[in-house]
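Take a look at the structure below.
The values are calculated or read from the model by the stated rules, or taken from the named source; none is laboratory data. Remember, predicted model here, so these are calculated numbers, not experimental data. For neighbour counting, all protein chains shown are included, and Cβ atoms are generated from backbone atoms with ideal geometry for every residue, glycine included.
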2 protein chains.
Amino acid sequence: MSGNRPATSMDVARAAGVSQATVSYVLNDRPGSRISEETRSRVRDAAERLGYVPHAGARTLRTGSSGVVLVAVPDIPQGPLATGLLEELDKELGGRGYTVVQYGARRTKGVAAAKAWAELRPTAVVADASRLTRAGIEVLRAAGVKAIIGMGHAPMDDVPSLLTDHEGVGALAVRHLVERGRDPVVAVVPREEGLREMGLARLRGARSAGVPVTAVDLAFDEAEAAAFVAGLKGGEGVFAYNDEYAMLLLAALHDAGLRVPGDVAVIGCDDLPLARLTRPRLSTVRPDLSAAPARMATLIDRLVRGTACGDVDVWTLQLIERDST
Amino acid sequence: MSGNRPATSMDVARAAGVSQATVSYVLNDRPGSRISEETRSRVRDAAERLGYVPHAGARTLRTGSSGVVLVAVPDIPQGPLATGLLEELDKELGGRGYTVVQYGARRTKGVAAAKAWAELRPTAVVADASRLTRAGIEVLRAAGVKAIIGMGHAPMDDVPSLLTDHEGVGALAVRHLVERGRDPVVAVVPREEGLREMGLARLRGARSAGVPVTAVDLAFDEAEAAAFVAGLKGGEGVFAYNDEYAMLLLAALHDAGLRVPGDVAVIGCDDLPLARLTRPRLSTVRPDLSAAPARMATLIDRLVRGTACGDVDVWTLQLIERDST
DNA sequence: TTGTATGCGTTATCAC
DNA sequence: GTGATAACGCATACAA
C-alpha cells in the first residue's frame, strides 16, 4: 500500500473510465462546462477511493500561481501577540483560498533569504522589514511574487507595510510616567541583537516627550537588572522597553526592597497575559492588532488580483495605554 | 522589469549561449560530468545577471521529491520551548538540504489536515500527535511522505514519536511537594481545550505518587483562581499544571494574603524564563529538549534515505526538576 | 457533453 | 563535453 506512487488525476481518470481532462473539470468544479451528474459522482468516487490529492507543484507549474502566502517569521521570539496575528491572518487568507506557510526560523535576510523564498514561487510574501532589502525585494518581484508586505518599524518605498510606531510607544509611556509625577525618567534599551534597534526607536520617542530621559543599556539578566536597580535613588519612572523587561525590573526592585509604585514606577509594553499577573499590576502600552489580520488579508488579496488602489498602503498600528489600576 | 515572467533555466541557457541541460548540470554541480571552467562561469554569470531562481515546484515534479519538511504547528500557544525546538530543528535540517516550513495555524486535524499537507508533497511531516489520525497518516503515506514524526503524549503505532511523559511530570511534581512535607496535595487541571487532555495525564501521574491528590478544574482567569485560593486551608502543596498557571496562582495567593511557600507551596512546569522572575522563585519541572532537534533531524534524514533501523523510534523526553532555591 | 493535445520548468537519459 | 528530448502532474484551448 505504501510502496505505490501517489495517485494522479490520470489514475483517477482510468478508474472512473473518463479522460484526465474530465477529472480536472469535475474536481475543480469548472464553471460553464456541463458534465453529467452521473459522471461527476463516478469521478469523485474514484478520487476518494484512490485517496487522490492534487499535486500543488504541478498545479503551480501549469497555472503560474501557487496561492501560497509565505510568512517569514521574525527572528525575535514570538509572543502571543504575533502568534495571534498569524492565526487570524491564516484564517482570513485560508477562507479566500490561499495557503499560508511560515518559513524559516533560520536567520537569513536580504537576497539570500529572498532567493530561498522565491524558490517556492509564493503568490505573496509577508516579512519582517528587517529581513527585506531593496535587492531582496527585486528578487521576489522577479520571481513573480504579487504582493509583498513588510512588518516592523521603518516603512520601505514601494512596499505596503504594517508598522509599529516605536517612537509613539516611547512617547506614550513617558507621558504616562510624567503625568503621574515621576521626575527622573529612565528608558531601558535592551542589549539583545534584534531588540536593540527597536529599543533605540522607543528611546527617541521617549525623549521627544519634553522631559530629560536617561537611557540604560540592559541585557535580559537578573544580575544586570540588580545592578541597575541599585543605582536608583527613588522617585524615578522607568519605561522598561516591554513587559518582559518590566517583569525583570519588578523582580530586581523587589529584591532590592524598593516599593512599586511607591519608590519607583514601571511601565512596559505589549500587555502580555503573564504581565497582568504581577503584583502590583503593571501599566503597559499595547499596539492594537485587532483589525490588522483582516486588513492585511484584504490588501494581499487586492494586490494579487491587481485591484489594489494606486498608492502604497502604509498602516501604523494604534497604541493603547493600559493603566495598572 | 517587474512585468516580465520569472527567468527560467532556458533563459539562462540562451544568455550564456549553451544548452539548457548544461545550465542544470552547472547549477546543480552534477558530479561526473566534466564541463569546462569557462562555460561554468559563463552560466553562473548569466544566472546571476538574470536573477534566476529555480522553480521548486518544477523540480519536485521532475525529481519526485520536494525536500520539504512540513511542521504542523500545534494549536496550543507556542512557548519559548517549542519555538527554540523549531529553530534548532530548522538549523539542523537546513544544513542537510531540507526546507523547513511551518504549516497552519488553522485548527484542522485528521484526514482534512493530512490532505492539505499532502498537496505540498512534503518529504517529511512533523505534527502534533493530536492532529494525526490513522486515516490521516494513510493519506500522507499515499502522498509519498517518507517520514512522519509525531509529537505529544500518546505514542502511535508505526509513527516515530517525540513524547512528553505527562504522567512523569505529575509524579515528579508531587514527589517534590511531598518530600517538602506538603500534605494535602492539589493538582490543577486546565479547562482550556487542548490543554485539558495533558492536564488529565499529569493528574494521573500525580496520583500515582502514593499520596491522595485533589483535582481542581481551573480556567486561566484571575477570578477563578481567587475562588480556588479562597478554599485553601494552608499547608497545601499545589501542582499548578504549568508555569503560567503557577504564576496565576501566585498572584491569587498574594491577593489573598497567603504566604508562599509558608502557607502554600506551588510547583509549575516548563521553566519559562518569565517564571524565573517570580518572588518567591518558582519550583518547576522541565522536559529536556536540548538533544531533541539533532535527534529528530537525524531520524528524519534516515527515514527519508531509507536507512532507518527497523523498529519505530519512540523517544520520551527526560524530565528535569528545578528547585526554587 | 467528453476527449485530445499542449505546455508550464526541471532533471536526466542518451546520442552526438 | 555538450545538446536534443522525454517525462513529471495538471489545467485548458480546441476538436469531436
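Laid out as a table, the results:
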quantity: Residue list for the stretch A:229-249, restricted to those being at the interface with another protein chain (Cβ under 9 Å from one of its Cβ atoms) and out of contact with any helix residue (DSSP H, G or I) (no Cβ under 7 Å at 6 or more places or on another chain); calculated: none
quantity: Which numbered condition A:Ser9 fails, given (1) free of Cβ contacts under 8 Å to residues at least 40 places away in the same chain; (2) more than 11 Å from chain B (Cβ to nearest Cβ); (3) surrounded by 12 or more Cβ atoms within 10 Å (Cβ to Cβ); calculated: (1)
quantity: Test: A:Thr22 is in contact (Cβ under 8 Å) with a residue 60 or more places away in the chain and either over 39 Å from the mean Cα position of the chain (by Cα) or within 12 Å of DNA strand C (Cβ to nearest atom) (or both); calculated: no
quantity: Meets criteria (of a type in the set (Val, Ile, Thr), at negative phi, buried (at least 19 other Cβ atoms within 10 Å of the Cβ) and within 12 Å of DNA strand C (Cβ to nearest atom)) for A:Val68; calculated: no
quantity: Every residue from the stretch A:159-217 that is of a type in the set (A, V, I, L, M) and part of a loop (DSSP other than H, G, I, E, B); calculated: A:Leu195, A:Ala209, A:Val211
quantity: Residue list for the stretch A:38-66, filter: within 10 Å of chain B (Cβ to nearest Cβ) and of a type in the set (D, E, K, R); calculated: A:Arg59, A:Arg62
quantity: Subset tally (residues that are part of a helix (DSSP H, G or I), of a type in the set (A, V, I, L, M) and under 16 Å from the mean Cα position of the chain (by Cα)) for the stretch B:116-158; calculated: 1
quantity: Any hit, the stretch A:18-37, residues being within 14 Å of another protein chain (Cβ to nearest Cβ), within 10 Å of DNA strand D (Cβ to nearest atom) and either over 29 Å from A:Glu119 (Cβ atoms) or buried (at least 16 other Cβ atoms within 10 Å of the Cβ) (or both); calculated: yes
quantity: Residue list for the stretch A:25-56, restricted to those being of a type in the set (A, V, I, L, M) and either in a helix (DSSP H, G or I) or near DNA strand C (Cβ under 9 Å from one of its atoms) (or both); calculated: A:Val26, A:Leu27, A:Ile35, A:Val43, A:Ala46, A:Ala47, A:Leu50, A:Ala56
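To keep it simple, each residue is scored yes or no on (1) modelled with pLDDT under 95; (2) farther than 30 Å from A:Val53 by Cβ; (3) among the polar types (S, T, N, Q); (4) touching a Leu at 6+ places or on another chain (Cβ under 7 Å).
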site: B:Asp128; (1), (2), (3), (4): yes, no, no, no
site: B:Arg131; (1), (2), (3), (4): yes, no, no, no
site: B:Leu140; (1), (2), (3), (4): no, no, no, no
site: B:Met151; (1), (2), (3), (4): yes, no, no, yes
site: B:Leu218; (1), (2), (3), (4): no, yes, no, no
